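The structure appears below as structure tokens.
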Amino acid sequence: MKLTPVTKNYAAGKEILADTVGSKTVNVTLDSTKFPAGRLEAGAALLVVTATKKAEPWDDAKAATGKAAVLGRELVLDGTDVVGIGYIGGYLNESKCTGITAGFKTAAKMISFQ
């Protein structure tokens, strides 16, 4: 019988949706080499790089190399690649999102920020 305690961290994110109508999501794999370990909050602007199919923090200078997405829920990062939900369409609360730039808004044509 194994009596060693096991712990698991769970994350509960903030609500970034302004409305659920028209929401379009995709699975995004976060590139562990591009993010520090710890919690990544929902609403982070992401660049899903076409060549690697992995997401990294949004950078206007690299916009042509991939597609824009917004992280849909908070994730706990531990140095390994993690799969999360990314919004590529819908109505989002801009005040609850981070890293949103004018370049991001141009690239994320299907997202309407409220």
message: I need every pair where a residue in segment 1-28 that is closer than 19 Å to Gly99 by Cα and hydroxyl-bearing (Ser, Thr, Tyr) has its Cβ under 8 Å from the Cβ of a residue that is assigned to a loop (DSSP other than H, G, I, E, B) and modelled with pLDDT of 80 or more, sequence separation at least 6 or different chains.
response: Thr25/Gly72
message: I'd like to check something: does segment 63-79 contain any residue that is in a strand (DSSP E or B), under 19 Å from Gly22 (Cα atoms) and open to solvent by 40 Å² or more (accessible area, probe 1.4 Å)?
response: yes
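Which of the residues spanning segment 80-90 are within 15 Å of the chain's Cα centre (by Cα) and open to solvent by 40 Å² or more (accessible area, probe 1.4 Å)? Spell out how you get there, then give the answer.
Taking segment 80-90 as the starting set, the residues that turn out to be within 15 Å of the chain's Cα centre (by Cα) are 81-90.
Listed by number, the residues that qualify are Asp81, Val83, Ile85, Ile88.
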query: For segment 56-82, which residues satisfy the criterion of being basic (Lys, Arg) and over 16 Å from Lys34 (Cβ atoms)?
result: Arg73
query: Got a number for residues in segment 27-62 being open to solvent by 60 Å² or more (accessible area, probe 1.4 Å) and of a type in the set (A, V, I, L, M)?
result: 3
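The values are calculated or read from the model by the stated rules, or taken from the named source; none is laboratory data. Here the structure is a predicted model, which is why all the values come from computation and not from measurement. Note: ideal-geometry Cβ built from the backbone for every residue, glycine included; neighbour counts use all protein chains shown. Note: areas computed on protein heavy atoms with side chains; ligands, DNA, RNA excluded. Shrake-Rupley method; radii C 1.70, N 1.55, O 1.52, S 1.80 Å.
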